[in-house]
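Take a look at the structure below.
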Amino acid sequence: TITAVRLRGILDSRARVTLEAEVTLASGHTGTGSAPRAIAPGRLERRRGPGPALGPITVPAVSAALTDGTVQGQQQCDTRLVGLYEADEAGSDLTLALSLAHARAEAAARGIPLHTHLWQLYGGRTAPGLPRLMVNVFSGGIHRTGPPRGFQQVMVLPATGGLHTDIEVADRVFTAAHRNVERRFGPVPLSASSGLMVPLDSAGQLDLLQAAVAETGHTEVCTLGVDVAAEHLLTEPGRYRFGDRVLTAPDFADHLADLAHRFRMSFLEDPFDAADEAGWARLRGALPATTSVVGDDLFATDATRIEPGRADGILLKLSQAGTVTATLAAAAAARRAGMLLSVSHRSGETEDTAMCDLAVAVGAELIKVGGPRRGDRLAKYNQLLRLDESVAAP
Ligand code: PGA
Ligand code: ZN
C-alpha cells in the first residue's frame, strides 16, 4: 500500500513547469515519475491541469485518495487516479506522474526493472522487444514558429538491424542535413523535439532529407516518415492549410499519397483530422503498400476509441492516457485490432524515460523520441541503449 505521496513542480525542456511525483510504499520503496507537456495536445486527449508552480505542491484530495491504506497494486492506484480526474481534482499530467511513480516504486519493491514490471502488468502478452527508431530531423507545423505550415515532424527511420548502428546512421543523416541547411540558410534553430526548423515547405524538407540519406550512403537502410498532425492544419472542417495553399480533404489525400510515393514513406501519422473519415479512407486506398498510416490524435491513446480498419497503427502516449493501466489497455486493444504499436514522446519533455520501458514491455515496433540532440531527447536514446542490453541478454 501507499504510505506517502509528494508532488512538485519541475522544469520541462521548454522551461515550462510540469509535475513530478514521488510515491512511497509500506515496504519503504519509493518511485518517481514526471509528466511531459505538449505544445500541440490533441482535442480528444485527456485534459491536463493548469501549469503548476515550481517546488513542493500539496493536493489534499490526492493524498487522501491514495494514502488511506487500501490501495493495492497498479490497477487500484490507477482506478483511484481516474476517479480524481473525473472529479476534477487532478489533470492527466498529475495522474500520469503519480501512476509512473507508483509503477517504479512497485518495481523497486519487487526488485525488477521497470520494463519487466510493465511487461507483467501488460499480461506478458507478447515477447518484450526493442522498438526501431523514428528520428525527427525537421520540425514544422505548430512545432515551428512562423509559416509555411506543413508537417509537424519529418523523420528518418533507420533499419540496419541493430540499435547502435541505427543511432549512428540517424546521427550521420541528421548531421549531414544540418550542415546542408546551414550552408543554405545560415544557423537554424532546433525545435522543442530537437528537429531543425528551416524556412522550407514540407516537400523541400523531404527532398533535403532524402539527399542527406543518399550523401551519407544509407539509402538502402533508411525510409522516411512524417507526422502530419492534421488537426492543427485545419482552417475549417474538411480544409487543410498546407504550405501556402488551403486544400480540400480529397486534394490533401492525393497530395499526401503523391509525397508518400515520391519519398518512399514508411510512416504517415495523423494525415487527417479525426472527424474526417472519408479523408482517411481515400488516402489509405492511394498509398504504397509499404506505408503505415498511424493514428495519434485520432485515438488519443484511448482503448475505447480504437476501431479496426481506421489506421494500420496507433501512437501510444502515456500522457494522453493519463495512467499506466490506460496506456497498456490501449496497447492491448490496438494489438487485438491487428495494429502496429509506436510509442511517442511529447514536444516538452522531462528526463523521464518510462516511455522507453513501455515500448519494450509492449513489444512496440517503433518509437519516436525526437532528434538526437540535447539532454531531454538523449535521455531516451541512452535508456534505449541500456534496455538493448537487458532485452538482448539471454
Ligand atoms: P506534441 O507532439 O507533444 O506537441 O503533441 C508530439 C508528437 O506527436 O510527436
Ligand atoms: Zn502526432
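Read-outs throughout are calculated quantities, based only on the coordinates presented, and are distinct from any laboratory measurement. Predicted model only: the values in this text are computed from it and were never measured. Positions of Cβ are generated from backbone atoms using ideal geometry, with glycine treated the same way; all protein chains shown enter the neighbour counts.
Mind putting a number on the dipole of the range 33-124 about its Cα centre? Charges go on the C-beta only, +1 for Lys and Arg and -1 for Asp and Glu, and I need it in Debye to the nearest 20.
260
Normalised by the residues of the range 337-394, what does the relative contact order come to in percent, with Cα pairs under 8 Å and at least six apart?
36 percent.
So if we plug the beta-carbon distance of residue 336 and residue 165 into 1/(1 + (r/R0)^6) with R0 = 35 Å, what FRET efficiency do we get, rounded to 0.05?
The calculated FRET efficiency here is 0.60.
Report ³J(HN,Hα) in whole Hz for each residue of the range 252-258, in order, from the Karplus equation J = 6.51 cos²θ - 1.76 cosθ + 1.60 where θ = phi - 60°; Gly and Pro get x.
Per-residue couplings from phi come out as 5, 4, 5, 5, 5, 4, 4 Hz.
Around residue 279, what is the net charge, scoring Lys/Arg as +1 and Asp/Glu as -1 over all other residues with Cβ under 13 Å from its Cβ?
Value of the local net charge: -3.
Could you list, bin by bin from short to long, the percent of Cα-Cα pairs of the range 34-101 in 10 Å steps?
Spelled out per bin, shortest first, that is 18, 54, 24, 3.
So what's the back-of-envelope 222 nm ellipticity for the chain, counting only DSSP H runs of four-plus at -39500 (n - 2.57) apiece and dividing by all residues, rounded to 500?
Rounded to the nearest 500, it is -12000 deg cm²/dmol.
Compute the length gained on full extension between residue 246 and residue 207: take 0.36 nm times their separation in residues and subtract their Cα-Cα distance, giving the result in nm to one decimal.
In short, 11.9 nm is gained.
In whole angstrom, note down how far apart the Cα centers of the range 116-167 and the range 183-222 are.
The range 116-167 and the range 183-222 have Cα centres spaced 17 Å from each other.
So, counting K/R as plus one and D/E as minus one, what does the shell of residues with Cβ under 15 Å around residue 229 add up to?
That works out to -2.
Once label points are set 7 Å from the Cα along Cα→Cβ at both residue 183 and residue 63, what is their separation, rounded to one decimal in nm?
6.1
By DSSP, what percent of the beta bridges with both residues in the chain are antiparallel, rounded to the nearest 5?
65
How high is the relative contact order of the chain? Use alpha-carbon pairs under 8 Å, at least six apart in sequence, and give a whole percent.
Relative contact order of the chain: 20 percent.
With Kirkwood's inverse mean 1/r over C-alpha pairs for Rh, give me the Rg to Rh ratio of the range 81-148, two decimals please.
Rg/Rh: 1.15.
Among 326, 108, 275, which one shows the biggest mean-square fluctuation in a GNM of the chain, springs joining Cα atoms closer than 10 Å?
Looking only at 326, 108, 275, the largest GNM fluctuation is found for 275.
If the viscosity is 0.692 mPa s and the temperature 37 °C, what Stokes-Einstein diffusion coefficient in µm²/s follows for the range 334-377 when Rh is the Kirkwood radius over Cα pairs?
Roughly 288 µm²/s, to the nearest whole number.
Using the basic label-point model (7 angstrom from Cα toward the beta carbon), what is the residue 385 to residue 54 distance in nanometres?
Distance between label points: 2.9 nm.
Quick check: pseudo-label points 7 Å beyond the Cα along Cα→Cβ at residue 4 and residue 286, how many nm apart are they?
With each label point 7 Å from Cα toward Cβ, the separation is 6.0 nm.
Express in nm, to one decimal, how much length is gained between residue 234 and residue 307 on full extension, taking 0.36 nm for each residue of separation and deducting their alpha carbon distance.
24.0 nm
Shape call for the range 285-394 from the C-alpha gyration tensor, a ≥ b ≥ c root eigenvalues: rounded (a/c under 1.5), prolate (a/b greater than b/c) or oblate?
prolate
How high is the relative contact order of the range 1-51? Use alpha-carbon pairs under 8 Å, at least six apart in sequence, and give a whole percent.
Result for the range 1-51 is 30 percent.
What Kirkwood radius, in Å to one decimal, follows from the Cα pairs of the range 173-236?
One decimal place: 13.0 Å for the Kirkwood radius.
Compute the whole-percent fraction of alpha carbon pairs in the chain spaced more than 27 Å apart.
When all Cα pairs of the chain are counted, 47 percent exceed 27 Å.
Restricting to bridges with both residues inside the range 212-290, how much of the DSSP beta-bridge set is antiparallel, in percent to the nearest 5?
60
Taking 25 °C and 0.890 mPa s as the conditions, I'd like the Stokes-Einstein D for the range 1-141 in µm²/s, using the Kirkwood hydrodynamic radius from alpha carbon pairs.
It diffuses with D of about 151 µm²/s by this estimate.
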